[in-house]
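Only the coordinates and a few stated rules stand behind these numbers; no lab work does. Only a predicted model underlies this, so the values are computations on that prediction, with no experimental measurement involved. Here the Cβ positions follow ideal geometry from the backbone for every residue, glycine too, while neighbour counts run over all protein chains shown.
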Amino acid sequence: MAEEIPETPAFSWQETRFEWLWVYRAAGINPGAWSGFSEVPYGLFFVEKGRVDIEVKGRRMVVPSGCAFFSAPGRRRHFFVKGTRLLSVGFRCRRSDGLPLYAKGLNLVAPTRRLRTLHRLTLGLFETVHQGRSSVDYRRSILPRPISLIDRARREQAFFGWFAAYVETLAGMGVHPAPGHAGGRRLARIIGLLNDEPLGRPAELAELAARAGFGRRRLDQLLQDGLGLTAKGFLEARRMESARRLLGEGELPLKEVAALLGFRHAPHFTAWFKGGAGRTPSAYRREASLS
């Protein structure tokens, strides 16, 4: 008998937003050396040849040839053995209730022979996106390219077919989406207000709590129960995510990035960023340009 998949409130899926980021098939980047730690989204890669070593949250894992890795979003670093070749998909997911798509069970290694349907659909997604090509590397896969409306629709259709198999495959291994939170609608409203809060000035959290219909303490309690963060912690995480994005784009001087994020002086921004990311903004920008 198939294992029953726990349901979450329908609204949390109806309002969920997906963004697929890449599908590539090529050699690993910078083989023979450990990468720096960097933020990764949800993803899956199949090791077609070689081996990948991964370090995440102090734990090291080995993904040999003939195996796949289901990646959770977060900080990790990796080591590609020379000659390693991957088939990889990356995507983002934002639920309306603010909870992660999967709260546990990812960063999982599994043999490709157990994932035949998912592997076939991953190859199909690659072929749909990169028509007629046998190999496309990561850098080329993330470059924006003009496409027709019908090609865009075909790619979205291929992605959601792939995603359905991804969810079904994980369910077969006992990994299920995080169940909905009882206070999901309230949490979604709070998250919406926090996401609308400008990062370039100090947040008035008491005023924000009043707009949400709560006291400041209740606001933090709802966020802590749902996300494990306070309102201040949520905004700091947003600020760090924006900092990484702006630095990764590489277009603005550090002084302007600092100002956009509410820092009057670039040295204060540098100290804050290093405390959260483990390296200076300049070092992060260099690493981003290489990866």
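The relative contact order of the chain, computed from alpha carbon pairs under 8 Å that lie at least 6 residues apart in sequence, is 17 percent.
Here the stretch 53-89 and the stretch 108-141 have alpha carbon centers that stand 16 Å from each other.
For a distance above 33 Å, tell me the whole-number percent of Cα pairs in the chain that qualify. Walk me through the numbers on the way to the answer.
Values: 12676 of 42195 pairs.
It works out to 30 percent of all Cα pairs.
Only helices enter the 222 nm calculation for the chain: every DSSP H run of n ≥ 4 contributes -39,500 (n - 2.57), and dividing by all residues gives -13500 deg cm²/dmol, rounded to 500. For W20, the residues 5 or more places off, or on other chains, whose built amide H falls under 5 Å of its own are R92.
Taking 0.36 nm per residue of separation and subtracting the current Cα-Cα distance, fully stretching the chain between L149 and V175 would add 5.9 nm. Residues D196, D137, ranked from the fewest to the most other C-beta atoms within 10 Å, line up as D196, D137.
Computed from backbone phi with θ = phi - 60° and the Karplus coefficients 6.51, -1.76 and 1.60, the 3J(HN,Hα) list for the stretch 66-75 is x, 10, 10, 10, 8, 9, 8, x, x, 8 Hz; x is used for glycine and proline. Straight-distance candidates among the lysines for linking to K82, with alpha-carbon spacing under 21 Å and chain neighbours fewer than 8 residues away dropped: K49. When every alpha-carbon pair in the stretch 186-290 is counted, what percent end up more than 20 Å apart? Counting every Cα pair in the stretch 186-290, those more than 20 Å apart make up 43 percent.
When a/c reaches 1.5 or more, the comparison of a/b and b/c decides; with that in mind, is the stretch 237-281 rounded, prolate or oblate per its Cα gyration tensor? Because its axes are fairly even, with a/c under 1.5, the stretch 237-281 counts as rounded. 3J(HN,Hα) along the stretch 251-267, derived from phi through the Karplus expression 6.51 cos²θ - 1.76 cosθ + 1.60 where θ = phi - 60°, amounts to 9, 9, x, 4, 4, 6, 4, 4, 5, 4, 9, x, 9, 6, 10, 4, x Hz, with x in place of Gly and Pro. Remark: the stretch 206-213, residue by residue, has Karplus-estimated 3J(HN,Hα) of 5, 5, 5, 4, 5, 5, 7, x Hz, where x stands for each Gly or Pro and the curve is 6.51 cos²θ - 1.76 cosθ + 1.60 at θ = phi - 60°.
Note on V109, V63, V47: ascending count of other Cβ atoms within 10 Å places them as V109, V63, V47, the fewest first.
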